[in-house]
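Below is one structure, written out as structure tokens; comments come after it.
The values are calculated or read from the model by the stated rules, or taken from the named source; none is laboratory data. Quantities reported herein were computed from a predicted structural model and do not represent experimental measurements. Ideal geometry is used to build each Cβ from the backbone, glycine not excepted, and the neighbour counts take in all protein chains shown. Just the protein is used for accessible areas: all its heavy atoms, side chains included, with ligands, DNA and RNA removed. Shrake-Rupley method; radii C 1.70, N 1.55, O 1.52, S 1.80 Å.
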Amino acid sequence: AFQGVLAIIGLPDAKLTVGVQVVGAQDGESSPEQDPGLATDDAPNASANIAAPQRLAVSILQAHGLKHMNNFTGDNPYVTCEVKHLDPAAEVTRVETKAVEEGDTLNPFWGETHNVEPWCEGESLEFTVYDKGLV
């Protein structure tokens, strides 16, 4: 599990507070321990070394120190979290928060937790802050 504050590239004073926790195997996947019929010979189970897809609970809590970006519609920041899959052919895995449209939009609070799957050990997560009004 990870809980911490990330620097935001391009905004030296800005910070994004997130939490990441593994919440189990991906839906529909059975782990080798649950299926004794998997090992059919006395050889070590080679598939045990392959990283099984996991499900992550990604909490996107808040940001501080965002810059004013939009003079026309006001700032409506939101965050995406994308799994940077090791397999370039893998489908994109991405979640996104709601845009903050009221209150202190330069220090927004989301307080959202999303399930992100599939994620395999060794894959990184990329968090990006966008402004809904500019997209």
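Residue count for segment 108-135 satisfying the condition of being within 10 Å of the chain's Cα centre (by Cα) and of a type in the set (A, V, I, L, M): 2. Being within 18 Å of the chain's Cα centre (by Cα), buried (at least 16 other Cβ atoms within 10 Å of the Cβ) and touching a residue at least 40 places away in the same chain (Cβ under 8 Å) is the filter here; which residues of segment 65-107 pass it? The answer is Pro77, Tyr78, Val79, Cys81, Glu82, Val83.
Summed over segment 108-135, the residues that are among the β-branched types (Val, Ile, Thr), in contact with a Lys or Arg (Cβ under 9 Å, 6 or more places away or on another chain) and open to solvent by 40 Å² or more (accessible area, probe 1.4 Å) give a count of 0.
Note on segment 35-52: among residues that are in a loop (DSSP other than H, G, I, E, B) and open to solvent by 90 Å² or more (accessible area, probe 1.4 Å), the one that is modelled with the highest pLDDT is Ile50.
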